[in-house]
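Trainee: Below you will find the structure I want to go over with you.
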Amino acid sequence: MPNINIDGNTIEFRQGQTIIEAAREKGIDIPHFCWHPKLSVSGNCRICLVEVEKMPKLVIACSTLASEGMLVHTKSEKVIAAQNAVMEFLLINHPLDCPICDEAGECKLQDYAYKYSLGESRFVEEKVHKDKRVALGPRVMFDGERCISCSRCIRFCDEIAKDPELTFVQRGDRVTIVTYPGEEMDNSYSMNTIDICPVGALTSKDFRFKARVWDMSSTNSICTGCSRGCNTEIWVRNNEILRLTPRHNEEVNSYWMCDHGRLNTFKNVNADTRINSPQLRNEGQLVESSWEDAVNETVSKLKTFNKDQIAVIGSAYATCEDNYTTAKFTKTILGTGNLDFIRHIDPAFADDILRTEDITPNSLGAELVGIQPAKTGLDIKGILNSIKEKKIKALYLIEDDIIEAYPDFENAIAGLELFIIHSTNQNKSTAFADIIFPSATFAEKNGTFVNIDGTVQRIKPAVAVIEQDRALDGMSMSRLDKFGTKYDRWASGEKINALPTWNILSRLAKTMGNKLKFNMAEDVFAEISNSVEAFKGLDYDVISEKGSKINSDIPNKIKVS
Ligand code: SF4
Ligand code: SF4
């Protein structure tokens, strides 16, 4: 491979790479505003100027191709003077309203002002004033004074969202961003422009002024909005989720996520509709109960049915750990083969960027860990018809809304003799339940999902629930680290009384005289990897932050039911 030398370090590069790309691949950071690894090169901000020996002038590292034997200097006197000049120029008209800017704390301009500028301005004239609160679309606000005209947002709409909506107008210091006449920036990926805007010129309508970045903690997670499984960070303050942002994973979602996933997949966690305690139906009304009473009532009621009268529905929204425990509980403890899950397919949701027509995060995982009817058991259609024919009299539903999915069966489901649900929030089905167990959301538990490409990915608790809090109380810090987040982040804020499905079923199994022997989600996953071929050799450490491929072909059963 050819070599270049940057600041005395000789590094290899691939033909066709620019200096900035070659440097970045080897961990050498050259400052940049307008350059982004996934966008075309515009070369307008000039902060990436470097000195190349035998070239008469400084060159921009983002558009200069690396070539054999090139000697590059990124910290020479000339380069530092150029960086100072660019920063002074960019800050001339910048409003410096960092104290009220959402971007403060994660702003490239702020960071580079410390790193690459002299810290003072010679400009004493009046700054140019521009519009500061412009709604570019339903989700993104624009502040013209903060914009440094890098054009990243324009190129993102053109090249990634494939929906040209933005352009520059005017020239010189009057230049600004507008949407094309009659257009607004409403593409399905519009909020990625907020992430890539190097300053606070683009902000989220949903998150505006909600929190300072340094007051939040962030936890790596996975979006639950569809089977792509985009990698995310969950941002929390006082045990409340305030925003999701995309996390880079080149194999899954690159740097992006869609606006639906970003905005609509976490609001249920702190919603008023959260189920905050087990509930039992008493004289027609659902009333709160203790975990012990709910478990005892469930066990005694399930015992009154023979196994052919019981059906269980797992969930494409639940983790592999929850579904594996459900399948094991169903087959070995309830002894029924009537087991399936609901496929949620919406062709209108899909596009050729990230969004898939399966709008759940774990159909593949549910199927792989055993949520399938036994040879003589009923699948989802068979279960529904048997409920109608009153052959199935007891239904155990995990984390889904069967009435929303199959409204024609509402009367039949309402006529069940026993209807048990694990649910995070109230929904159409919980209104008809006899027993409800409050289940933890994706943001409150450890677990795994398998995405559409067969990548197993981890979720971790970003907010605490009451039971988890009790269980963790008194644990050593090294053991707490197993839970993926720092315990002290959970110290404040309201907590929900909920548990992961695998844990609820383990409690039921124990009361029924059987042991599932799972103390942590990791125990469940260890058993999955021992017993399910597709997961062989995987554990939570192997999966790490970027996911691991399953060891088998993807079964092609994800279909409209
Ligand atoms: S709004 Fe942000 S991303 Fe768009 S041109 Fe201005 S600084 Fe760049
Ligand atoms: S494409 Fe799917 S997984 Fe990715 S952010 Fe959107 S809804 Fe979430």
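The values are calculated or read from the model by the stated rules, or taken from the named source; none is laboratory data. Here the structure is a predicted model, which means the values were calculated and not measured. Glycine also receives a Cβ, built like all others from the backbone with ideal geometry; neighbour counts cover every protein chain displayed. Ligands, DNA and RNA are stripped out before the accessible areas are found, and what is left, the full protein with its side chains, is counted by its heavy atoms. Shrake-Rupley method; radii C 1.70, N 1.55, O 1.52, S 1.80 Å.
Trainee: If you scan region 219-278, which residues turn out to be in contact (Cβ under 8 Å) with a residue 60 or more places away in the chain and aliphatic (A, V, I, L, M)?
Mentor: ILE222, ILE234, VAL236, ILE241, VAL252, MET257, LEU263, VAL269, ALA271, ILE275
Trainee: What are the residues in region 260-277 that are in contact with a Lys or Arg (Cβ under 9 Å, 6 or more places away or on another chain) and either of a type in the set (S, T, N, Q) or within 8 Å of ligand 2 (Cβ to nearest atom) (or both), if any?
Mentor: Within region 260-277, HIS260, GLY261, ARG262, ASN268 meet the criteria.
Trainee: Kindly list, by first and then second residue, each pair from a residue in region 311-324 that is over 24 Å from LYS388 (Cα atoms) and open to solvent by 10 Å² or more (accessible area, probe 1.4 Å) to a residue that is hydrophobic (A, V, I, L, M, F, W, C) and not in a helix (DSSP H, G or I), limited to pairs with Cβ atoms under 6 Å and residues at least 6 apart or on different chains.
Mentor: Qualifying pairs under 6 Å: TYR324/VAL369.
Trainee: Follow-up question, since we're still on this one. Considering each of GLY182, GLY200, GLY225 in turn, give the residue that is out of contact with any strand residue (DSSP E or B) (no Cβ under 9 Å at 6 or more places or on another chain) and closer than 24 Å to TRP35 by Cβ.
Mentor: Step by step, each of GLY182, GLY200, GLY225 is checked, and only GLY200 is out of contact with any strand residue (DSSP E or B) (no Cβ under 9 Å at 6 or more places or on another chain) and closer than 24 Å to TRP35 by Cβ.
Trainee: While we're here: Give region 207-216 a look and list any residue that's free of Cβ contacts under 8 Å to residues at least 60 places away in the same chain and either within 16 Å of ligand 2 (Cβ to nearest atom) or not in a loop (DSSP other than H, G, I, E, B) (or both), or say none.
Mentor: Residue satisfying the conditions is ASP215 alone.
Trainee: With the requirement that a residue be touching a strand residue (DSSP E or B) at 6+ places or on another chain (Cβ under 9 Å) and open to solvent by 40 Å² or more (accessible area, probe 1.4 Å), what does region 408-426 give you?
Mentor: Across region 408-426, the qualifying residues are GLU417, GLN426.
Trainee: In region 188-200, which residues are in contact (Cβ under 8 Å) with a residue 60 or more places away in the chain and within 15 Å of ligand 1 (Cβ to nearest atom)? It would help to see each step written out before you state the result.
Mentor: Of region 188-200, the ones in contact (Cβ under 8 Å) with a residue 60 or more places away in the chain are 188-192, 195-200.
TYR189, SER190, MET191, ASN192, ASP195, ILE196, CYS197, PRO198, VAL199, GLY200 - these are the residues of region 188-200 that are in contact (Cβ under 8 Å) with a residue 60 or more places away in the chain and within 15 Å of ligand 1 (Cβ to nearest atom).
Trainee: May I pose another question? Quick one: would you say LYS303 is in contact with a Leu (Cβ under 8 Å, 6 or more places away or on another chain) and open to solvent by 50 Å² or more (accessible area, probe 1.4 Å)?
Mentor: Taking the combined requirement at face value, the residue does not satisfy it.
Trainee: Among ARG262, ARG228, ARG247, ARG243, which is the only one that is in contact with a Phe, Trp or Tyr (Cβ under 8 Å, 6 or more places away or on another chain), closer than 28 Å to GLU357 by Cβ, crowded, with 18+ Cβ neighbours inside 10 Å and of a type outside the set (Gly, Ala, Ser)?
Mentor: Of ARG262, ARG228, ARG247, ARG243, the one residue that is in contact with a Phe, Trp or Tyr (Cβ under 8 Å, 6 or more places away or on another chain), closer than 28 Å to GLU357 by Cβ, crowded, with 18+ Cβ neighbours inside 10 Å and of a type outside the set (Gly, Ala, Ser) is ARG243.
Trainee: Here's another thing I want to ask about it. In region 121-164, how many are under 26 Å from SER254 (Cβ atoms), more than 12 Å from ligand 1 (Cβ to nearest atom) and in contact with a strand residue (DSSP E or B) (Cβ under 8 Å, 6 or more places away or on another chain)?
Mentor: Count: 2.
Trainee: Any idea which of PHE89, PHE142 is away from ligand 2 (no atom under 16 Å from the Cβ), touching a Leu at 6+ places or on another chain (Cβ under 6 Å) and within 30 Å of MET191 (Cβ to Cβ)?
Mentor: PHE142
Trainee: Of these, VAL532, VAL524, which one is within 22 Å of GLU444 (Cβ to Cβ), open to solvent by less than 30 Å² (accessible area, probe 1.4 Å) and modelled with pLDDT of 95 or more?
Mentor: VAL524
Trainee: Next up: Restricting to region 378-407, name every residue that is touching a strand residue (DSSP E or B) at 6+ places or on another chain (Cβ under 6 Å), surrounded by fewer than 23 Cβ atoms within 10 Å (Cβ to Cβ) and of a type outside the set (A, V, I, L, M, F, W, C).
Mentor: ASP379, the sole residue that qualifies.
Trainee: Mind counting the residues in region 152-206 that are within 16 Å of ligand 2 (Cβ to nearest atom) and either assigned to a loop (DSSP other than H, G, I, E, B) or open to solvent by 50 Å² or more (accessible area, probe 1.4 Å) (or both)?
Mentor: Counting residues in region 152-206 that are within 16 Å of ligand 2 (Cβ to nearest atom) and either assigned to a loop (DSSP other than H, G, I, E, B) or open to solvent by 50 Å² or more (accessible area, probe 1.4 Å) (or both) gives 11.
Trainee: Also, I was wondering about something else. For the structure I just gave you, tell me whether THR219 is within 26 Å of GLN457 (Cβ to Cβ), in a strand (DSSP E or B) and within 16 Å of ligand 2 (Cβ to nearest atom). Explain how you work it out, then say what you get.
Mentor: Numbers: within 26 Å of GLN457 (Cβ to Cβ): yes; in a strand (DSSP E or B): yes; within 16 Å of ligand 2 (Cβ to nearest atom): no.
For THR219, the condition - within 26 Å of GLN457 (Cβ to Cβ), in a strand (DSSP E or B) and within 16 Å of ligand 2 (Cβ to nearest atom) - is not met.
Trainee: While we're here: Has region 77-85 got at least one residue that is over 39 Å from the mean Cα position of the chain (by Cα), of a type in the set (A, V, I, L, M, F, W, C) and in a loop (DSSP other than H, G, I, E, B)?
Mentor: no
Trainee: Here's something else I'd like to know. Tell me which residues, restricted to region 77-120, are open to solvent by less than 50 Å² (accessible area, probe 1.4 Å), in contact with a strand residue (DSSP E or B) (Cβ under 7 Å, 6 or more places away or on another chain) and free of Cβ contacts under 8 Å to residues at least 40 places away in the same chain.
Mentor: VAL79, ALA82 - these are the residues of region 77-120 that are open to solvent by less than 50 Å² (accessible area, probe 1.4 Å), in contact with a strand residue (DSSP E or B) (Cβ under 7 Å, 6 or more places away or on another chain) and free of Cβ contacts under 8 Å to residues at least 40 places away in the same chain.
Trainee: Among strands (runs of 3 or more DSSP E) lying entirely in region 1-76, which contain 1 or more residues that are buried (at least 19 other Cβ atoms within 10 Å of the Cβ) and at negative phi?
Mentor: By residue number, 3-6, 49-52, 71-73.
Trainee: Please go through region 427-447 and give me each residue that is aliphatic (A, V, I, L, M) and surrounded by fewer than 20 Cβ atoms within 10 Å (Cβ to Cβ), ordered by number.
Mentor: ALA431
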